[in-house]
Amino acid sequence: MKQLITRRTVGKLGLAALATPHFATTVVGQSDKPIRIGFSMAMTGGLGPNGKSALLAQRIWEEDVNAKGGLLGRPVQLVVRDDQSNPSTIPGIYSQLLDVEKVDIVMGGYATNMLAPAMPLIMQRKRLFIGLLGLGVNSEFNYPNYFVMIPSGPDPKPSFTKGFIDLAMKQNPRPTTVAIVAADAEFALNASDGARENAKSHKLKIVYDRRYPPNTTDFSPIVRAIASTNPDMVVVCSYPPDSVGIVRAVNEMNFRPKMIGGGMVGLQNTSIKAQLGPALNGWTNYDFWLPVPKMNFQGVADMMAKYQKRAPAEGVDPFGYYMAPPAYAQFQVLEQAIAATKSLDDAKLADYIRKNTFRTVFGDIRFGKGGEWAESRVLQVQFRNVKGDDPTQFKDISSQVVVTPQAYESGSLIYPYEKAR
């Protein structure tokens, strides 16, 4: 069961960890002792499928960098702990990594709910912290040594649904009403805050705006309540199990708004896409990377080939489009900073990361205010022509079309939603 974590409870979760003494960053020396990089990862629980996909890409980075001789003349070793998709495990994991295992560097794990509770400890120790995917985690902490790989840009909360709503407003007839539904959890609340802001900027009338408990399993009453308000469009901000339940409930009830989706985690995962099959047709939702020609960044094809060769044996997403590029790039940023500064000092690394551009398999990345990307690059992708439950149909972009932003689009939106079914 997913557990709710908000910044109001972050402090409580971090109290035990904050009570432990500070250990300084390891001094670099001429040694065969590995550079140990510690972090949490969701390997079980609701976020486990995405977390394991990310970890495979990170293991490939570890092997690649060691094949080149390591960093600072030393091999690199990843020290990973399963956070079980449970925010309450995070303070203990990072306290263990820093104070007992004494890793040289700590990195952030996957998901907003897992990054937020680590922040009090990270800030108290003044450590560098590069998170994987987390939405608006630093918007209230304002910690200068935090960076994140999610391409949400300088205004993170609205970024997840901005492309979705902006695109809808270009259609004919233009929508005038919107429903917003979100899980009562950190990521979904941040994304729904942004959706509300985007809706108001277009003067859309919000006819439904509610959250549901994180342990919800039956979404029929929720979808029925939304449908009763007859919205032109529906913004959904959800986690993987919820996303599956909502898609199924919408299809079972034959609910047909003009546009639906926006901020749903899970619909990027191949196994979930195959599980839902044709029920996905017409849905439009965020993503970060797909094999469109305009996203063939330097090194990404080689990395994805390694990932896809190993994925079946590892039992992870066979294509890895959602998690693998940012997860590998997360460690490329660290690698390039260490190589440039010739140091493991957290302050030096953070200062270098703030001031430089990084060439990665996820594209060229420059960080701006709050450690967010200097520019937003959130995609909106529409599903169409999905047939049956064969996962191989999701290897190319014929059934998942990038409809915005224009710089990366691979097709035009089919509107209203019902026409894509």
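Report, ordered by the first and then the second residue, all pairs with beta carbons closer than 6 Å, sequence separation of six or more or different chains, a first member in region 162-182 that is on the phi < 0 side of the Ramachandran plot, and a second member that is small (Gly, Ala, Ser).
Phe164/Gly262; Pro175/Ala168; Val178/Ala199; Ile180/Ser192; Ile180/Ala195; Ala182/Ala188; Ala182/Ser192
For residues in region 389-412 being aliphatic (A, V, I, L, M) and assigned to a loop (DSSP other than H, G, I, E, B), which is farthest from Met304 (Cα to Cα)?
In this case the residue turns out to be Ala407.
Is it the case that region 148-162 has a residue that's modelled with pLDDT of 95 or more and of a type in the set (Lys, Arg)?
Taking every residue of region 148-162 in turn, at least one turns out to be modelled with pLDDT of 95 or more and of a type in the set (Lys, Arg).
Please go through (1) under 27 Å from Gly45 (Cα atoms); (2) in a helix (DSSP H, G or I) for Leu167 and return the number of the only condition it doesn't satisfy.
(1)
Within region 396-408, how many residues are within 18 Å of Tyr322 (Cβ to Cβ) and either surrounded by fewer than 16 Cβ atoms within 10 Å (Cβ to Cβ) or among the acidic types (Asp, Glu) (or both)?
Number satisfying all stated conditions: 2.
From (1) in the same structural domain as Ile60 (by TED's automatic domain parsing); (2) among the aromatic types (Phe, Trp, Tyr); (3) closer than 16 Å to Ala168 by Cα, pick out the condition that doesn't hold for Tyr415.
Among (1) in the same structural domain as Ile60 (by TED's automatic domain parsing); (2) among the aromatic types (Phe, Trp, Tyr); (3) closer than 16 Å to Ala168 by Cα, Tyr415 violates only (1).
Which residue is farthest from Lys157 (Cα to Cα), if the candidates are limited to region 228-245 and must be of a type in the set (A, V, I, L, M, F, W, C) and in contact (Cβ under 8 Å) with a residue 40 or more places away in the chain?
Checking each candidate, the answer is Met233.
Which members of region 245-269 meet the condition of being out of contact with any strand residue (DSSP E or B) (no Cβ under 9 Å at 6 or more places or on another chain) and at pLDDT 95 or above?
Scanning region 245-269 gives Arg248, Ala249, Asn251, Glu252, Met253, Asn254, Arg256.
Mind counting the residues in region 277-334 that are closer than 30 Å to Met259 by Cα and of a type outside the set (A, V, I, L, M, F, W, C)?
Selection size over region 277-334: 19.
Looking only at region 67-95, count how many residues are farther than 12 Å from Phe39 by Cβ, out of contact with any strand residue (DSSP E or B) (no Cβ under 6 Å at 6 or more places or on another chain) and without any contact (Cβ under 8 Å) to a residue 60 or more places away in the chain.
The qualifying residues number 7.
Enumerate the pairs (first residue in region 311-328 and without any contact (Cβ under 8 Å) to a residue 60 or more places away in the chain; second residue anywhere and acidic (Asp, Glu)) with beta-carbon separation below 6 Å, excluding pairs fewer than 6 apart on the same chain, so at least 6 apart or on different chains.
Once the first residue is without any contact (Cβ under 8 Å) to a residue 60 or more places away in the chain and sits in region 311-328, no partner that is acidic (Asp, Glu) comes close enough.
Taking the condition of a type in the set (D, E, K, R), surrounded by 15 or more Cβ atoms within 10 Å (Cβ to Cβ) and without any contact (Cβ under 8 Å) to a residue 60 or more places away in the chain, does Asp345 pass?
no
For region 91-149, how many residues meet the condition of being buried (at least 21 other Cβ atoms within 10 Å of the Cβ) and at positive phi?
Of the residues in that region, 2 qualify.
The values are calculated or read from the model by the stated rules, or taken from the named source; none is laboratory data. Because the structure is a prediction, the values reported are computed rather than measured. A quick note on method: Cβ atoms are made from the backbone with ideal geometry, for glycine too, and the neighbour counts reach across all protein chains shown.
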